[in-house]
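*Asks:* First the structure, then my questions, so here it is.
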Amino acid sequence: MSTTILAIESSCDETAAAVVTDGRTIKSNVIYSQIDLHKLYGGVVPEIASRKHVEKINDVIQEALEQAETTLDDIDAIAVTYGPGLVGALLVGVSAAKSIAYAKNKPLVGVNHIEGHIAANYIEHEDLKPPFMCMVASGGHSHLVYVKSYTEFEIVGKTRDDAAGEAFDKIARAIDLGYPGGPKIDKLAKEGNPEAFNFPRAYMPDAPYDFSFSGLKSAVLNHLNSCEMKNIEINKADIAASFQQAVVDVLTDNTINAAKAYGCDKIALAGGVASNSSLKENMALKAEKNNLMFYHPSPIYCTDNAAMIGVAGYHDFITGERAGWDLNAVPNLKIGERAF
C-alpha cells in the first residue's frame with residue numbers, strides 16, 4: 001500500500017508545496033520564488049518574505065494538489081519544514097500544515113530543512129541508499145554529514161564562520177554582480193582564469209573536515225580594495241573564477257577525505273550551492289580518482305523546494321515520527337535534532 005505525503009516548505013524566500021508518494025515519486029512540486037522581490041534589497045528581507053508566504057501559501061498548496069490530481073482526503077500525512085530558517089517564514093508553513101492536519105485529521109510530521117536537502121538526492125537516484133557522505137552547501141549552511149540511515153545523521157564537519165553560499169553572495173556584491181550571487185559568479189567564472197589569483201584555502205589540522213571562508217572573503221575584498229586604490233583595472237571574470245575555485249577546492253577535498261576516513265564508497269551534494277557547475281565537475285573528477293560513486297540532485301531540487309521535504313517526511317513518517325499540535329518553528333534546528 002502506497003503512502004502519499006503533502007509537503008510544505010517556507011523556510012526562507014520560496015513558498016513551496018509538493019505531493020510525494022513512497023518517498024520517490026514526485027506527483028507535483030510547486031515553487032513560488034521571491035528572488036525578483038528581494039533583488040531590490042541585495043538579499044532576503046525576513047519581514048517581506050514572511051508576508052509574501054502568507055499571501056501565496058494557500059494558492060501554492062492548492063496548485064500542488066491539482067497538479068497531482070489528488071485531494072486532501074487522499075493524503076496520508078502532512079509534512080512541513082519547521083527549521084532551520086527564518087522564524088517568521090517558517091511559522092507560515094507550520095501554521096498552514098497544522099491547520100490542514102487538524103481539519104482533515106491527518107498525521108503531522110515536522111521535517112528538518114537540511115535533512116530535506118540531503119533527501120533530495122533520493123528523488124532521481126533509485127540506487128542511492130545510506131550510508132554515504134553528503135556535502136550540504138547553501139546560503140546559510142556548509143555541513144559535511146555522514147548519512148547513517150534515512151533518518152540518522154552525524155555532522156562530520158561544519159563552517160566556523162561564513163557558509164559557502166553566503167561567501168558567494170558577498171563576493172558577488174563586491175564585484176557588482178547583484179543577488180543571488182552563486183549563479184552569477186558561476187556564470188561569470190566560465191569566462192575567467194581560475195588560476196589568475198592564488199586566493200587562500202583554509203584547512204584546519206585540529207578539525208580536518210571543518211570549513212572557514214571568512215579569510216578567503218577578506219583576501220578577495222583586500223585585493224579589490226588594493227586595485228581600486230592603485231587604479232588597477234579589475235578583471236571580474238578572473239576574480240570570480242579564482243574565488244570560486246578556492247571554495248570548490250576546500251569543499252571537494254574535505255568531502256573526499258571524510259568519505260575515505262568513514263569508509264564510504266558514495267558521496268553526494270545537497271543545497272543551493274550543489275547546482276554550481278564547477279563544484280559538480282570537480283567533485284565528479286575527484287570521486288572518480290578515488291573510486292567513489294558521486295550523486296547530486298538536478299538544479300530544481302537543489303534550491304528550496306517541497307519535494308525534498310516530502311521525501312524526508314516520508315521516511316520520518318514510516319519510522320513512526322509524529323508532531324503534536326504544539327509544533328513550533330525552530331530557526332536554529334540542528335541536523336538530527338527533534339524538537340517535538
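The values are calculated or read from the model by the stated rules, or taken from the named source; none is laboratory data. All figures in this text were calculated on a predicted structure; none of them were measured in a lab. Reconstructed Cβ throughout: ideal geometry from the backbone, glycine too, with neighbour counts over all protein chains shown.
*Asks:* Hey, can you tell me all the residues within the stretch 227-238 that are at pLDDT below 95 and either small (Gly, Ala, Ser) or touching a helix residue (DSSP H, G or I) at 6+ places or on another chain (Cβ under 7 Å) (or both)?
*Replies:* Ile234
*Asks:* Answer yes or no as to whether Asn305 is among the polar types (S, T, N, Q) and crowded, with 20+ Cβ neighbours inside 10 Å.
*Replies:* Working: among the polar types (S, T, N, Q): yes; crowded, with 20+ Cβ neighbours inside 10 Å: yes.
Yes, satisfied.
*Asks:* Taking the conditions exactly as written (at pLDDT 95 or above and touching a Pro at 6+ places or on another chain (Cβ under 9 Å)), does Ala77 satisfy them or not?
*Replies:* On the way: at pLDDT 95 or above: yes; touching a Pro at 6+ places or on another chain (Cβ under 9 Å): yes.
Here the answer is yes, as Ala77 does meet what is asked.
*Asks:* If you take the residues of the stretch 27-67 that are over 17 Å from Ala96 (Cβ atoms) and hydrophobic (A, V, I, L, M, F, W, C), which of them is surrounded by the most Cβ atoms within 10 Å (Cβ to Cβ)?
*Replies:* Val44
*Asks:* Count, please, the residues in the stretch 284-300 that happen to be surrounded by fewer than 24 Cβ atoms within 10 Å (Cβ to Cβ) and closer than 24 Å to Thr15 by Cβ.
*Replies:* Qualifying residue count for the region: 3.
*Asks:* Checking the conditions here, which among Val250, Val311 is out of contact with any Asp or Glu (no Cβ under 7 Å at 6 or more places or on another chain), of a type in the set (Val, Ile, Thr) and more than 24 Å from Asp13 (Cα to Cα)? Don't jump to the end; show me each part of the working.
*Replies:* Details: Val311 fails: more than 24 Å from Asp13 (Cα to Cα).
The match here is Val250.
*Asks:* On the basis of being on the phi < 0 side of the Ramachandran plot and in contact with an Asp or Glu (Cβ under 7 Å, 6 or more places away or on another chain), does Gly165 make the cut? Explain how you work it out, then say what you get.
*Replies:* Working: on the phi < 0 side of the Ramachandran plot: yes; in contact with an Asp or Glu (Cβ under 7 Å, 6 or more places away or on another chain): no.
When the stated conditions are applied, Gly165 does not pass them.
*Asks:* For the stretch 140-193, enumerate the residues that are small (Gly, Ala, Ser), farther than 26 Å from Lys129 by Cα and more than 16 Å from the chain's Cα centre (by Cα).
*Replies:* Residues satisfying the conditions are Ala172, Ala174, Gly178, Ala189, Gly192.
*Asks:* Out of the stretch 7-50, which residues are closer than 17 Å to Tyr82 by Cα and of a type outside the set (Asp, Glu)?
*Replies:* Initially, the stretch 7-50 is screened for residues closer than 17 Å to Tyr82 by Cα, giving 7-18, 46, 49-50.
Selection gives Ala7, Ile8, Ser10, Ser11, Cys12, Thr15, Ala16, Ala17, Ala18, Pro46, Ala49, Ser50.
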